[in-house]
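J.: Can you read through this structure? Questions will come right after.
Read-outs: derived from the displayed coordinates by stated rules, not from any lab. Bear in mind that the values here come from a model prediction, so they are computed numbers and not experimental data. Note that each Cβ is placed from the backbone with ideal geometry, even for glycine, and that neighbours are counted across all protein chains shown.
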Amino acid sequence: MIRITSDNGAIRLGPLAITWQNPDAEYPGFTVLSYGNTSIEFGDIDAGNGIHITRFKDGEILSQQTLLLIP
């Protein structure tokens with residue numbers, strides 16, 4: 001599946017996914033690289049602006065580790 005607009009996008013190939021959103025008036029931009037239930041997130045999504053590894057189970061965050069936090 002490939003879906004790209006001027007605001008955001010997603011490219012999915014089986015368990016591999018790349019998703020992003022450009023900054024707008026309501027949310028900052030971000031980029032996420034995912035494989036299965038594990039993602040590396042760049043930007044300000046859930047845990048502040050930085051780089052985070054997030055693991056999901058049943059659509060909910062199971063664990064999250066911050067690698068770099070950008071003030």
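J.: Counting only residues 5 or more places away or on other chains, whose amide H sits under 5 Å from the amide H of Asn8 once H atoms are built in the peptide plane?
T.: Excluding prolines and chain starts, which carry no amide H, the hits are Asn22.
J.: OK, next. Per residue of segment 44-52, in order, report the coupling 6.51 cos²θ - 1.76 cosθ + 1.60 (Karplus, θ = phi - 60°) as ³J(HN,Hα) in whole Hz, putting x for Gly and Pro.
T.: 10, 10, 10, 10, x, 6, x, 10, 9
J.: Under 8 Å for C-alpha pairs, at least 6 residues apart: give me the relative contact order for the chain, rounded to a whole percent. Provide the component values of the computation, followed by the final result.
T.: Details: 143 pairs, mean separation 12.2, N = 71.
Reported relative contact order: 17 percent.
J.: Once phi is turned into ³J(HN,Hα) by the Karplus curve 6.51 cos²θ - 1.76 cosθ + 1.60 with θ = phi - 60°, what whole-Hz value does each residue of segment 23-36 show in order, with x for glycine and proline?
T.: Rounded to whole hertz, the list is x, 9, 5, 9, 10, x, x, 7, 9, 10, 10, 10, 9, x.
J.: What are the residues whose amide H is under 5 Å from the amide H of Asp44, where those residues sit 5 or more places off or on another chain and H is modelled from the backbone?
T.: Gly50
J.: In debye, nearest 20, what is the charge dipole magnitude of segment 2-69 about its Cα centre with +1 on Lys and Arg Cβ and -1 on Asp and Glu Cβ, if you could check?
T.: In total the dipole reaches around 340 debye.
J.: Could you tell me which GluC sites (Glu not before Pro) in the chain are loop residues by DSSP with no more than 11 other beta carbons within 10 angstrom of their beta carbon?
T.: Filter output for the chain: Glu26.
J.: Taking a ≥ b ≥ c as the square roots of the eigenvalues of the Cα gyration tensor of segment 1-68, is the shape rounded (a/c under 1.5), prolate (a/b larger than b/c) or oblate?
T.: Here segment 1-68 falls in the oblate category.
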